[in-house]
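Note sheet for the following structure.
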Amino acid sequence: MTIAPDQDTRDRAPSLDEVELMPEVGNGKRYSLWTIGCQMNESESAQVGAALELAGYRATPDERDADIIVLNSCVVRNSAEQKVVGKLGALQQLKRNNPELKIALTGCMVTGQEEKLTKQFPHVDLFFRPSAVEKLVEIVPELSGVEDDLVELPHYYGAAEQRGEVTAFMPIIFGCNYVCSYCIIPYRRGKERSRPLQSVVGEAWMLAKRGVREITLLGQTVNAYGHDLPGTPDLADLLAAVDGVEGIERIRFLTSHPQKMTTKLIRAVADLPHVCEHINLPVQAGHDYTLQRMRRNYTTDDYRRVIHEIRETVPNVTIATDIIVGFPGETEEHFQGTLDLLAELELDVVHVAMYSPRPKTISSRWEDDVPQDEKHRRHQAVEAQQIAIAARKKGLLLGGVHEVLVDGQQKGRWRGRTRGNQLIFFDAPGTERDWVGKLVDVHVTETHAWHAIGRISE
Ligand code: SAH
């Protein structure tokens, strides 16, 4: 589909000078945010920060100074959930010392669990579901009267100069319509809801105005974007619109579902100048039996075909994937299928997780029959194989000149990423300039599995 004229904001988006930032008036109160989990959580925490700033609060790095602490939780694996439980426990003492302190818990731990959580953590003043920032009004009376507007708040907070961020996350679609048998997220984040295209583009303009140069568009299934919107724009349409935002040099998106990786989307990655040649495409397993039991809706051959089409269409593309090891019923032979597929496809990055049964999911009714030490062994085996692949692939950067977006300094060197999302550290001898936020050509002189080193190209 093409974007209807009234949806095409490129022609009528405000110039950078016209964009209004949030007012900078304080009420003397302080807030602190604590976040674990996915990028979506990070961006939703930033929206919570924006709401609190609107109410006149200001950020403090020290929780002991805070009038309100908001925790953003993750339950995708049991280990994450246990960290949240630990953090909630640790805050009990703070609340005892300062009964005026308000504590709120949001994120995927909350949905449907409010009653249980209220009993378990009586020192928490408010539980609110992911994306339900408007609920803050219950403990932040300063927000009363504007709660209906809070959902439209941008996903950033603080004065741009203070934070100096070069890259930003921006949710474009909430929830997930897939029912992968292991995954708790659809139960905690609900069905898919896309943000209107204009709202996404407007926020991209505001981020550009703050000095952000790279935006990552987020969704549990980011490439399901738009099917629920009038005119059904898709992710390729949205990428085209954001590509026209002045000041945004790079655009990324994650995470994509292989089944929705359309030719149109792949072409958009190849053709749009600011869209980076990097795709996050979780495969989860390399054996059809496991994929079927995971309810992933594709076979290993379908996945191979998508990877080949991406590689044929997008020169120099890099690809990241997610893998779960030790899924119920995964035999040695099934697991070998995963190792073989990864060896064959030589993807650039593999995030590997050990299966963890989650409440209410389909697979939680099956026996968790791969012993913990075997899950560890499989985890190690994927990592060991991947480190060799990653080292070989990074080697391809050696001797070349690559464009790097600089996002900071580390251990005496400038740090940034290539369009393919490869981490690079470089020296810029004899230059006095602050390179943060700049696109720099770097001559790569040394490569390792997870990063490369170089110097600024003359
Ligand atoms: N929507 C994306 C990512 C969801 S969560 C997708 O479905 O591909 C991020 C990653 O956590 C998943 O890709 C998966 O690899 C991992 N994960 C999800 N549920 C898990 C579970 N029950 N046990 C272990 N890892 C899990």
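The values are calculated or read from the model by the stated rules, or taken from the named source; none is laboratory data. Here the structure is a predicted model, which means the values were calculated and not measured. Here the Cβ positions follow ideal geometry from the backbone for every residue, glycine too, while neighbour counts run over all protein chains shown. The protein model used for the area step is the full one, side chains on, heavy atoms only, and it has no ligands, DNA or RNA in it. Shrake-Rupley method; radii C 1.70, N 1.55, O 1.52, S 1.80 Å.
Answer yes if at least one residue in region 195-202 is within 16 Å of the ligand (Cβ to nearest atom) and in contact with a strand residue (DSSP E or B) (Cβ under 7 Å, 6 or more places away or on another chain), and no otherwise. Scanning region 195-202 turns up no residue that is within 16 Å of the ligand (Cβ to nearest atom) and in contact with a strand residue (DSSP E or B) (Cβ under 7 Å, 6 or more places away or on another chain).
Scan region 375-383 and tell me whether some residue there is assigned to a helix (DSSP H, G or I), closer than 30 Å to Phe426 by Cα and open to solvent by 30 Å² or more (accessible area, probe 1.4 Å). Yes, some residue in region 375-383 is assigned to a helix (DSSP H, G or I), closer than 30 Å to Phe426 by Cα and open to solvent by 30 Å² or more (accessible area, probe 1.4 Å). Applying the selection to region 179-191, what residues are within 11 Å of the ligand (Cβ to nearest atom), assigned to a loop (DSSP other than H, G, I, E, B) and open to solvent by 20 Å² or more (accessible area, probe 1.4 Å)? Val179, Tyr182, Cys183, listed by residue number.
Would you check if there is a residue in region 312-323 being within 11 Å of the ligand (Cβ to nearest atom), surrounded by 19 or more Cβ atoms within 10 Å (Cβ to Cβ) and under 26 Å from Val179 (Cα atoms)? For region 312-323, residues within 11 Å of the ligand (Cβ to nearest atom), surrounded by 19 or more Cβ atoms within 10 Å (Cβ to Cβ) and under 26 Å from Val179 (Cα atoms): present.
Matching residues to (1) modelled with pLDDT of 95 or more; (2) more than 25 Å from the chain's Cα centre (by Cα); (3) acidic (Asp, Glu):
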| residue | (1), (2), (3) |
| --- | --- |
| Gly89 | yes, yes, no |
| Lys116 | yes, yes, no |
| Pro122 | yes, yes, no |
| Phe127 | yes, no, no |
| Val146 | no, yes, no |
| Gly158 | no, no, no |
| Arg163 | no, no, no |
| Ile172 | yes, no, no |
| Glu192 | yes, no, yes |
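The residue of region 335-345 that is farthest from the ligand (Cβ to nearest atom), among those that are over 14 Å from Ile389 (Cα atoms) and open to solvent by less than 20 Å² (accessible area, probe 1.4 Å), is Gly337. Count of region 261-281 residues, restricted to those that are open to solvent by 10 Å² or more (accessible area, probe 1.4 Å), touching a Ser or Thr at 6+ places or on another chain (Cβ under 9 Å) and part of a loop (DSSP other than H, G, I, E, B), is 1. Only a single item in (1) loosely packed, with under 15 Cβ neighbours inside 10 Å; (2) closer than 27 Å to Glu312 by Cα; (3) more than 13 Å from the ligand (Cβ to nearest atom) is not met by Asp348, and it is number (1). For the list (1) small (Gly, Ala, Ser); (2) assigned to a loop (DSSP other than H, G, I, E, B); (3) surrounded by fewer than 22 Cβ atoms within 10 Å (Cβ to Cβ), I need the number of the one condition that Gly37 fails. The one condition Gly37 does not meet is (3).
Evaluated against (1) more than 14 Å from the ligand (Cβ to nearest atom); (2) under 21 Å from Pro282 (Cα atoms); (3) in the same structural domain as Arg213 (by TED's automatic domain parsing); (4) out of contact with any Gly (no Cβ under 8 Å at 6 or more places or on another chain), Asp373 falls short on exactly one condition, (2). Put simply, of Ile279, Ile251, Ile266 the only residue that is farther than 27 Å from Asp340 by Cα, assigned by TED's automatic domain parsing to the domain that holds Leu339 and β-branched (Val, Ile, Thr) is Ile251.
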